[in-house]
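To start, the structure under review is shown below, and the notes come after it.
The values are calculated or read from the model by the stated rules, or taken from the named source; none is laboratory data. Only a predicted model underlies this, so the values are computations on that prediction, with no experimental measurement involved. Every residue, glycine as well, gets a Cβ built from its backbone with ideal geometry; the counts of neighbours run over all protein chains shown.
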Amino acid sequence: MKIVEDEHYTFCEYKQNVDKKRLECPLEKVGFQPLISSLLERILINTGIQVIAVSDNRKNGTQNHDPSGYMGDRGAPDLLLARNFTYYNKNKSQSSNVCDVEQIAVVEIKVPYKQYNIEQIKSHLTKVKKVIFTNLVKWVFFEDNENPTKTIDLQIGRIYKSTWSRNPAEHPIIWKSSIETPDDFLLNELGLPLNNIEAEPVEWEELLTFIKEFVFEKQL
């Protein structure tokens, strides 16, 4: 069963959302955080796993919240994947689930011309066993150490800072794609045009499937 069909999040939709956000705020990763959060929520729907934005939480916490469970010495990640998470984790009387929080992974988001900071990855790994890095066009997965478990690239070539903030029409992201040839039934029986069809690249289905496997590994 394909996740891409189950969750109705197509590669075309993802590309359009990234390109739209690039037009709105190319230098601000905060503009892309809701996009990644939405993707993860749809992949992890009906799993009980929460996708929580924690990048604005202060290192020293607040009267109600202690971030030490997911925040290392390099600051908070952008997103936390967890079960039974509550902001009110200092006062047990405020939440019956405070002792049952299961922190599964954290997500670090950058703009496409930036790569991951290895020291930041190490810092996150002192708090959780799994880290997902994405700059929207590349996804890198870490488990237990700073050596990538898997890397999935959705673009051809590389984007540089000098061109990222320029006119997207002149400097577009070169997304990967796949071409499908219409089958014999469409050609012979229905008489449809012989044009090839642009399909989702294998990397997209691989990404959606691996995210779910990565998050659920040793969780089931």
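A few comments on the model shown:
- 2 or more residues in contact with a His (Cβ under 6 Å, 6 or more places away or on another chain) and modelled with pLDDT under 90: qualifying helices (runs of 4 or more DSSP H) within the stretch 1-97: none
- One residue stands out in the stretch 170-220 among those that are at pLDDT below 90 and under 30 Å from Ala82 (Cβ atoms): the one that is surrounded by the fewest Cβ atoms within 10 Å (Cβ to Cβ), namely Leu220.
- Filtered residues of the stretch 160-169 (kept if of a type outside the set (Ser, Thr, Tyr) and surrounded by fewer than 13 Cβ atoms within 10 Å (Cβ to Cβ)): Lys161, Arg166, Asn167, Ala169
- For the stretch 19-49, a residue qualifies if it is under 17 Å from Glu108 (Cβ atoms), under 12 Å from the mean Cα position of the chain (by Cα) and of a type in the set (A, V, I, L, M), and the qualifying residues are Leu35, Ile36, Leu39, Leu40.
- Evaluation of Ala105 against (1) at pLDDT below 95; (2) outside any helix (DSSP H, G or I); (3) farther than 18 Å from Gly31 by Cβ (one fails), failing number: (1)
- When the residues of the stretch 136-159 are filtered to those that are without any contact (Cβ under 8 Å) to a residue 60 or more places away in the chain and not in a loop (DSSP other than H, G, I, E, B), the one that is surrounded by the fewest Cβ atoms within 10 Å (Cβ to Cβ) is Thr151.
- Any hit, the stretch 161-168, residues being modelled with pLDDT under 90, under 23 Å from Glu24 (Cα atoms), part of a helix (DSSP H, G or I) and among the basic types (Lys, Arg): yes
- Within the stretch 115-135, residues that are under 25 Å from Val101 (Cα atoms) and in contact (Cβ under 8 Å) with a residue 40 or more places away in the chain have Cβ atoms under 6 Å from residues that are of a type in the set (Ser, Thr, Tyr) and in a loop (DSSP other than H, G, I, E, B) in these pairs: Lys127/Tyr70, counting only partners at least 6 apart in sequence or on another chain.
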